[in-house]
Amino acid sequence: MTFGEWVKTITFYEILVGMKSTLKHLINYKPVTLQYPHEKRTLPDNYRGMLALLRYDDDTEKCVGCDLCAAACPSRVIKVISSEVPGEPTKRFAKEYSMDMTRCLFCGLCVEACPVDALAMTREYEWAVYDKRELLLNKQQLLAIGDRSFQVREKRLELQHPNVAFFNVSFKELPQKPS
Ligand code: SF4
Ligand code: SF4
């Protein structure tokens, strides 16, 4: 045994090297535990939380009952029953709309599939319940989530795009077509 090896043996050098990382954390101790629910984690910008149905700024529902979200959903979470808008036979809406959130993967495919941006993912995540039947959400509950999560709303499509309104014979309040 060389002198250097002998010094390493009597000073427990290998053990000290192994403990270096532990000692570093002991000296610079910073707690990583959050005292939830009093302290809450900062969510990333692209966080995908509870789903919601949206409305336009005049309170009409955006959903046109096309069923594309249900077709895109890999977990069969969504059920849509659509119907004609009374007095406007060229338009449809979701007469019934429900989501079984016990099955949702929060993949966002339904949001991507919606042609009129009627669905969105909110930043709500505190949805623990004792009875899972409470996670079967109907249209009114989903609209209420949308109302509280998205307070800035879009104008109706007809008003955003005058050409859409021009060809939509059933829309009564035609905006001026730009000359
Ligand atoms: S987020 Fe995914 S799993 Fe959940 S309802 Fe939408 S498509 Fe279905
Ligand atoms: S939420 Fe969108 S995709 Fe689903 S039925 Fe309504 S309009 Fe169609």
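The values are calculated or read from the model by the stated rules, or taken from the named source; none is laboratory data. These numbers come from a predicted model, not from an experiment. No Cβ is skipped: glycine too gets one built from the backbone with ideal geometry, and neighbour counts run over all protein chains shown. Accessible surface is based on the protein model in full, side chains and every heavy atom, while ligands, DNA and RNA are left aside. Shrake-Rupley method; radii C 1.70, N 1.55, O 1.52, S 1.80 Å.
Each peptide in 10-18, 58-66 was scored by the mean count of other Cβ atoms within 10 Å over its residues; highest first, the order is 58-66, 10-18. Listed by chain and number, the lysines placed with their C-alpha closer than 30 angstrom to that of Lys40 are Lys24, Lys30, Lys132, Lys139; residues fewer than eight positions away on the same chain are left out. Relative to the Cα centre, the charge distribution of the chain, modelled as +1 at Lys and Arg Cβ and -1 at Asp and Glu Cβ, gives a dipole magnitude of about 320 debye.
If you take the alpha carbon atoms of segment 45-165 and fit the smallest convex hull around them, that volume is 115 Å³ per residue.
In segment 51-167, what percent of the accessible surface is made up of carbon and sulfur (1.4 Å probe, ligands and nucleic acids excluded)? Here carbon and sulfur together make up 54 percent of the probe-accessible area.
Isolated cysteines in the chain, defined as those with no second cysteine Cβ under 4.7 Å, comprise Cys63, Cys66, Cys73, Cys104, Cys107, Cys114. Take the Kirkwood radius over Cα pairs of segment 1-46, plug it into Stokes-Einstein at 37 °C and 0.692 mPa s, and you get 226 µm²/s for translational diffusion. Stretched out straight at 0.36 nm per residue, the stretch from Ala128 to Ile81 would grow longer than its current Cα-Cα span by 14.1 nm.
Relative to the longest principal axis of the Cα atoms of the chain, the long axis of helix 139-149 makes an angle of roughly 60 degrees.
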